[in-house]
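**Student:** Below is one structure. I have some questions about it.
Each value in this text was obtained by applying a stated rule to the coordinates, not by laboratory testing. Note that the coordinates shown come from a computational prediction; the quantities given were computed from them, not determined experimentally. Here the Cβ is made from the backbone with ideal geometry for all residues, glycine too, and neighbour counts use every protein chain on show.
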């Protein structure tokens, strides 16, 4: 029996389908790949990560870390799979992207109440509860259907992915292992390529003058980039010091060859569990592939780098959620239609997972004759859902988890670290209270 349809097998759709099925309802999960691929995906696995392999900080006194902890307490499948396939990343949660996607795929496919259909959905089904979680790369046909439903054009921004290099091709006579401020494992979870001022200036000059790739048919000429994921060449054009104060900041690192802090540092993060692949942190790019190899090999330590995946740019589509969605993630014009994932404006991997969990939970409650629940705004889950449903529709932009979304404390602690820790304590206490009062039972995935 099919109780709920979920469209899209990314992070949000996989989480939503799991939450529904774990509550005893039948789910049909539609994923159009591999029959209809996207410009960014490379496999047919569910929950494939197309950009970074990092899910952000794992520390509870950081906003992304708080959001993960809330999701763990709510029984998130995706976070459980991420924890099981983690790779060293200091205080962050990074995963082996292939093992992670395979873990989610295996769990979803093996669930007795989930039917996975590899088909493209071109219209929004009527007469049955639906969760739309098609993500930022929604197909043109469904995009047209959503535009007709909402009565307004979709907003959009451009996103970019970073290159990945073979670990054995990194020159470790130059590069060194370390985490900023010695966070993480004793040996250091990142590879660091140090730059002198002259090396940095030459790199920036070549980067800003390098040739970029053309926008493809599915992209527009008047591209608007999302500030949280700027192509490195776009950031560099903002000024000669932009990268040194951004992804190449050397703070907290010492070059063991000199005993001093470098002028700039390019960090590489482990991308798989066997530590054979590393991605360039903060190096989302739309440079032509030949230009990527030429320019990025100017980075000390990457002179002979073998690029196993080049960076590329793609369009991310999202709806104007403040005009369309409630904090329960229900469509304002239809109680049995839910939206989840980056298409709603919850930016970032874990934000997508959170919205998928909320949509799945609430869709299951509606089908079971219960009221949909609105999470407390003092929790990061509730703050994100509150933001996308209540932000100013004019100029609405996707938002990552951050403490600025939470109600202020009265009186607020003086220091930022203390303030963030207090926010986290309040959020987790309020989440536990909410779960008891609303009867929200966490559906913890079993190992395997």
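**Student:** To the nearest 10 degrees, how steep is helix 349-367 against the longest Cα principal axis of the chain, on a 0 to 90 scale?
**Tutor:** 0 degrees
**Student:** Over 35 Å, how big is the tail of the calculated P(r) for the chain, in percent of all Cα pairs?
**Tutor:** Numbers: 29251 of 100128 pairs.
The answer is 29 percent, as a whole percent.
**Student:** Give the peptides 404-412, 419-427 in descending order of average Cβ contacts within 10 Å, highest first.
**Tutor:** The most tightly packed comes first, giving 419-427, 404-412.
**Student:** So, one more: If I take R0 = 41 Å and measure r between the Cβ atoms of residue 438 and residue 410 in this structure, what FRET efficiency does the formula 1/(1 + (r/R0)^6) give, to the nearest 0.05? Walk me through the numbers on the way to the answer.
**Tutor:** Working: r = 25 Å, r/R0 = 0.61.
Efficiency, from the Cβ-Cβ distance: 0.95.
**Student:** Ok, one more. Restricting to bridges with both residues inside the chain, how much of the DSSP beta-bridge set is antiparallel, in percent to the nearest 5?
**Tutor:** 65 percent
**Student:** Provide the gained length on full extension for the span residue 169 to residue 297, in nm with one decimal, where the gain is 0.36 nm per separating residue minus the Cα-Cα distance.
**Tutor:** Numbers: separation 128, 0.36 × 128 = 46.08 nm, distance 1.09 nm.
Extending this stretch completely gives an extra 45.0 nm.
**Student:** Bins of 5 Å, beginning at zero and ending with the bin holding the largest distance: percent of Cα pairs per bin for segment 161-313, please.
**Tutor:** Calculated over all Cα pairs of segment 161-313, the distribution is 2, 9, 19, 23, 21, 14, 7, 3, 1, 0 percent.
**Student:** Still on this structure, please answer the following. With the crude spin-label approximation of a point 7 Å out along Cα→Cβ, what separation in nm comes out for residue 390 versus residue 251?
**Tutor:** About 3.2 nm separates the two model spin labels.
**Student:** Rounded to the nearest 0.05, what FRET efficiency do residue 275 and residue 148 give with R0 = 56 Å and r taken as the Cβ-Cβ distance? Could you check?
**Tutor:** 0.70
**Student:** Could you sort the peptides 168-181, 100-113, 51-64 by per-residue average Cβ neighbour count (10 Å cutoff), highest mean leading?
**Tutor:** Going by the mean number of other Cβ atoms within 10 Å, highest first, we get 51-64, 100-113, 168-181.
**Student:** Right, here's the next one. Would you mind checking the tilt of helix 416-438 against the longest principal axis of the Cα atoms of the chain, expressed as 0 to 90 degrees and rounded to 10?
**Tutor:** The answer is roughly 20 degrees.
**Student:** Going by how many other Cβ atoms sit within 10 Å of their own, how do 444, 307 line up, fewest first?
**Tutor:** Result, fewest neighbours first: 444, 307.
**Student:** Another question about this same structure. Determine, from the Cβ-Cβ distance of residue 308 and residue 109 and an R0 of 22 Å, the FRET efficiency 1/(1 + (r/R0)^6), rounded to the nearest 0.05.
**Tutor:** After rounding, the FRET efficiency stands at 0.20.
**Student:** In 10 Å bins starting at 0, how do the alpha-carbon pair distances of segment 310-425 split up by percent?
**Tutor:** Bins of 10 Å from zero give 14, 41, 29, 14, 2 percent of pairs.
**Student:** Per the Kirkwood formula on distinct C-alpha pairs, the Rh of segment 320-369 is how many angstrom?
**Tutor:** It works out to 10.8 Å.
**Student:** With a 10 Å Cβ neighbour count serving as the proxy for reagent exposure, in which order, fewest first, do 27, 50, 251 appear?
**Tutor:** The order, fewest Cβ neighbours first, is 251, 50, 27.
**Student:** On to the next question. I need the peptides 432-439, 127-134, 139-146 ranked by packing, meaning the mean over residues of other C-beta atoms within 10 angstrom, with the highest value on top.
**Tutor:** 127-134, 139-146, 432-439
**Student:** To continue, here is another question. Give me log10 I(q)/I(0) at q = 0.13, 0.15, 0.16 Å⁻¹ for segment 51-198, Debye formula, one equal scatterer per alpha-carbon, no solvent.
**Tutor:** Treating every Cα as an identical point scatterer, log10 I(q)/I(0) equals -0.88, -1.06, -1.14.
**Student:** Between the helical axis of 97-109 and the dominant principal axis of the chain, each derived from Cα atoms, what acute angle in degrees is found, rounded to the nearest 10?
**Tutor:** 10 degrees
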